[in-house]
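Below is one structure; the comments refer to it alone.
The values are calculated or read from the model by the stated rules, or taken from the named source; none is laboratory data. Values in this document were obtained by computation on a predicted structure and should not be read as measured data. Cβ placement follows ideal geometry from the backbone for every residue including glycine, while neighbour counts extend to all protein chains displayed.
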């Protein structure tokens, strides 16, 4: 419960505050762990340097003490044999250096046994020195060697004790290193913790953004019915409120446009019907014979009223597409029967122009129907416009080819003809409302320029796409329609 309240409290903060708080929550623990690790490693490093220096001094002093004892023994023996003052002076120099080394080692010693051993060594050496200087030649060389043998034993004990001290230092460093390693390992717990904090703040930031993106895509698809609501940061809610206000204005404008088109279309149909009926009566001579000039005028009136009626019907269809019913998963239609029925309805024009239509060979197999998640009326409208366009602009004795390509998610239908084609510069404009290609052939009845626009609107409503490409096998056009094979919520969002 507390975690839920915390999440709710954080969600109500502004986006800037969330970013700053998330940055602090992640960087501060990591910085503290980093500083703590640096301090521990620095301490361990200093301890290691100190231990190395101490070990180096112990090794050096042990080696120097052994050499000094050997030099003192040699010069003392030479002095006892030769009674040379120069040898005596050299012996005393060695001895002074030895005593300084012992005093220095005793001053730095922090080990009771080491201090005791150094004291014993100093006392024993003082006794030997007194006998050397007082008895002169009376001290035999064997006695001197025997006395210095004791000093060498003390030196060996010092070396062993130094080795123990070195081992203790190494053990201390190993313990410190192990302790630092454990602390560092314990500190790594902060990384998954900061990762969880990062995920929390990323979710807090992304959640309203994703909701906002979804609403924007919904508005982009032309669906203005769903209110824009966002849960999360305050500034995201403000943006959502602004978008919702814009949505309401667009919805009102769209409704007004629909009503206007519907009203104008229906208002035009009634007088147009009367005009067309009167024109037909004139043209077929029901109300009296016409001369050639009058027949020509009546023919122009007839074709114009037909074109005007087609334009009004297309306006009504376009208005119906704009107000298309919501897409649902229960919708489906079979593609091949719709294409065959559309071609059958256009059979007279196909026969008149002696056109050949090539369908995919496998499509005639009834055991393998191609089903699309579309309203049958909408599917029929798409392929009626595309096929009628191919029939209209195909030359006499031309060929229209319908090809299919499908994978696990998409179905692609390609309808190509052998007409004059459309200039590359106009490929994107053919789907604009009322657009007529610059190189279109002259026909008695001019098209409304709305068929491909309606086709594009329907295809986009179902999450597909339609575009024009050059005919790969010859001149002419190739319209490519790509539709999803299965219902998805993404296509539903286009509504």
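So here's what we get for this one:
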read-out	value
Residue in the range 395-403 that is more than 16 Å from residue 349 (Cβ to Cβ), assigned by TED's automatic domain parsing to the domain that holds residue 470, free of Cβ contacts under 8 Å to residues at least 60 places away in the same chain and not in a strand (DSSP E or B) present	no
Sole exception among (1) within 34 Å of the chain's Cα centre (by Cα); (2) at pLDDT 75 or above for residue 222, by number	(2)
Tabulated pairs, the range 467-495, first more than 19 Å from residue 392 (Cβ to Cβ), second at pLDDT below 80 and buried (at least 19 other Cβ atoms within 10 Å of the Cβ), C-beta under 7 angstrom, 6+ apart or interchain	484/491; 491/327; 492/327; 493/218; 495/223; 495/327
Residue identified as more than 60 Å from the chain's Cα centre (by Cα), in a helix (DSSP H, G or I) and under 30 Å from residue 167 (Cα atoms) among 43, 119	119
Residue in the range 196-209 that is more than 30 Å from residue 31 (Cα to Cα), outside the structural domain of residue 25 (by TED's automatic domain parsing) and modelled with pLDDT under 75 present	no
Evaluation of residue 110 against (1) surrounded by 15 or more Cβ atoms within 10 Å (Cβ to Cβ); (2) out of contact with any helix residue (DSSP H, G or I) (no Cβ under 6 Å at 6 or more places or on another chain); (3) modelled with pLDDT under 80 (one fails), failing number	(1)
Pair list, Cβ under 7 Å, 6 or more apart: the range 208-237 residue at positive phi, other residue outside any loop (DSSP other than H, G, I, E, B) and modelled with pLDDT of 75 or more	232/207; 232/208
